[in-house]
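A quick write-up on the structure given underneath.
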Amino acid sequence: MSEPQGLKSTQHLPVIEKTTESELGQSTSAADYIPLPAPDAAKDGSGRFWSARRVPAAVLATAVLAAGGLLLYDVVAVRADRTAMHWRGPLARELAERPLDDTWVLVGAGVATALGLWLLVLATTPGLRGVLPMRRPHPDVRAGLHRGAAALVLRDRAMKVSGVRSVRVRMGRRKADVRAVSQHRELDDVRADLDATLADGIRALGLTRRPALSVRVARPGRKG
């Protein structure tokens, strides 16, 4: 089973993250730091990357083209004094005779509404949630960093901190959640070192919008 995007973990020895309040103390609370002001996006940054969404666009265009072509052909055939398609008569009668509160009418309306909302969401949202936009020092260059790669960089930095036994990093668009296990140092000291190291690591990523940082440090749980 593959891990979710933006989640990188490493573990030197099997560890069960099961601790009591006395073991956790203050060091297990979220250590949110206030990131430095990001550069002005209009001058030195770029917005989110927009997905091409080729598959939904192709499906929608094909469906609209097929339905429009079929309807246009039937209208032209009737205008030319030819018999309408066999499905047109029963459909017209069903639409005229079936009440609006009929189950199938409500189901069809619900499906059409859901499809329309889905298409609107696809048209108005950027997509590519897994790519974090980076600062743009040159106007002709635009770069992005995958959340998984950013999580890997932060994990490698965290593993270099003394006393850290294992680290798990979940990188989001607005927040980096770091959970570490320490065995032989004071938890407060380990967390302070992680705060400084990871804050510097986030600044070094060069992201347009620096995510907030949450660090939690715990003792390894007992087996059994």
Apply the Karplus parameterisation 6.51 cos²θ - 1.76 cosθ + 1.60, with θ equal to phi minus 60°, to every residue of region 143-148 and state each ³J(HN,Hα) to the nearest whole Hz, in sequence, with x for glycine and proline. 10, x, 10, 5, 4, x
Which residues qualify? For His146, with a placed amide H closer than 5 Å and at least 5 residues away or on another chain, they are Leu132
For the ranges 48-54, 168-174, what's the packing order if you count other beta-carbon atoms within 10 Å of each residue, average per peptide, and put the highest first? 168-174, 48-54
So, with points 7 Å from each Cα along the Cβ direction, the Arg88-Val59 label distance in nm works out to 3.0
Could you please state, rounded to a whole Å, how far the C-alpha centre of region 91-135 is from the C-alpha centre of region 185-204? 47
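Values in this text are rule-based calculations from the coordinates and carry no lab data. Here the structure is a predicted model, which means the values were calculated and not measured. All Cβ positions, glycine included, derive from the backbone under ideal geometry; neighbour counts span all protein chains shown.
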